[in-house]
Amino acid sequence: MKTLAITTSGFAANARAIAGDTADVLAGGGVLLWPEAARYDLVMLWLHPRSDGLAWVDDEQRDILTALDVERLPLEDAVVFVGACYGTENRALLDALFAAGAKAVISGPGVNFGGSEGALAGADVLAQMVRKLLGTGLAIDAAWKMARLAVRIAGWFGMPGTADALEYTLDTREPKQKSGKWLAGLIMLVMFALSLLFSNVDFPNLLTTFSSIPSPPTGITEWDKTVYRGTAAQEWWSAAIPVTGTNSIRVVDTVTATEGITFTLVETWDTSAITLTAVYTTGTGALTILTDTGVITWDVASALATPQTLTKYWSVVSGDWVTTTITETLTTSAGSRTVYVPLEHDTWEPTPVPTWTPYYTPAPWIGTEFPTPTPCVVFGCAPIGSPRVAYAIFLPIVIREEGYIEPWWPEILP
């Protein structure tokens, strides 16, 4: 069975472990060069979704596969595993996979996770078991059911991300197939369970997210961000949040670090668009607030291995601003990551400027000036061009030759 994995550079080690030693692995960024004339039985994708859901991108947000690109891929009778966040919701990309000939697509809703540093998580085991079970000759429906059971077994042994993996779904566009090779798949599943039982595995806590949100720097176990407009949570990573002058914005950052790590979260914003109204923290961090310049600095030294939160409230400033961004940078000694929360002023519209209606009067004879104004002799008349009137209407002058006879048209009866 031929397998292809397309992945970001940061997930290449995991992709190789999942896809197997004989698979083709395309890792990195930029333009995708599909192996010439290659046909694959299984294609695995570990990429980020573009904010509009019409492309998969790399770690630098460069397009790898647009929906149009996907439609042109040689995917006849292939099974496709989509390890990208919002895989199920981005229907344009899923429809493109089927348009390219895929017979089945496996994808997950919401934010999806993989392992990190070469260790597998729930979705990785799901993809790996699908590959191995298909390799025994099982039909996709049977392979899918056994792979999900393998994930449940891994969850009993403490593997992270199993709840996320069990939300994945199988979508097929052909009748279900019966397979007589279920015994080989069952034997493989038993061997997998035994390997977990006797290997004394120590699963890591670190997970890789395949959303458009950058992964946190080394030393940060999890960086979770929730944005509210009023009391309603917003999908801030995919599009600008529409706000009005009556809205409030709340951003809650929850940071879990390796014990003893020191980190700094710096937040900046445009004070002419939003005004900071309150800040709350939990944990051991020291807080510096420069309200006038729109900067918050949160320093946490020798962090505990427990979640710590920073909650900020802003009110929206009414005015003629159109878009603005809250910028957050999380830094450790190993590096930094920056995310952006875009806001869009939803109600402001520019004041319309009156458009002058062109003057038009047909010339009754040669030498008549254009336009020929109709005299204004009533109360309240203003001269042509006055700023008090938005437009003027002129009636044409019609002159008939002497002896002119009005044309007669026969009446058309019903």
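The values are calculated or read from the model by the stated rules, or taken from the named source; none is laboratory data. Quick caveat, the model's predicted, so the values are computed rather than measured. Methodologically, a virtual Cβ is constructed for each residue, glycine included, from the backbone with ideal geometry; neighbour enumeration extends over all protein chains shown. Surface areas here come from the heavy atoms of the whole protein model, side chains and all, with no ligands, DNA or RNA. Shrake-Rupley method; radii C 1.70, N 1.55, O 1.52, S 1.80 Å.
For the reader, a short list of remarks on this structure follows.
- For region 29-124, size of Cβ-based charge dipole, Lys and Arg +1, Asp and Glu -1, in debye: 180
- Most tightly packed first, judged by the mean number of other beta-carbon atoms within 10 Å of their residues, the peptides 95-102, 129-136 read 129-136, 95-102.
- Rg and Dmax [Cα atoms of region 105-157; Å; Rg one decimal, Dmax integer]: 11.4, 32
- Efficiency of FRET from Cβ geometry, Ser302 and Leu68, R₀ 60 Å, rounded to 0.05: 0.75
- Using distinct alpha-carbon pairs, which all enter the 1/r mean, Kirkwood radius of region 233-286 in Å: 14.3
- Built amide H within the under 5 Å cut-off of Ala121, gap 5+: Gly115
- For region 62-79, putting each phi into the Karplus relation 6.51 cos²θ - 1.76 cosθ + 1.60 with θ = phi - 60° gives couplings of 8, 5, 9, 9, 8, 4, 5, 4, 4, 4, 8, 6, x, 10, 4, 6, 8, 9 Hz, in residue order, rounded to whole numbers and with x for Gly and Pro.
- Neighbourhood charge, 13 Å Cβ-Cβ cut-off, centred on Val300 and excluding it, Lys, Arg +1 and Asp, Glu -1: -3
- Charge sum, other residues only, whose C-beta stays under 12 Å from Ala100's C-beta, Lys/Arg counted +1 and Asp/Glu -1: -1
- Prolate/oblate/rounded call for region 1-134, Cα gyration tensor, a/c under 1.5 rounded: rounded
- Exposure rank, largest accessible area first [Ile274, Ile289; 1.4 Å]: Ile289, Ile274
- GluC sites (Glu not before Pro) within region 66-122: DSSP coil, no more than 13 neighbouring Cβ in 10 Å: Glu76, Glu117
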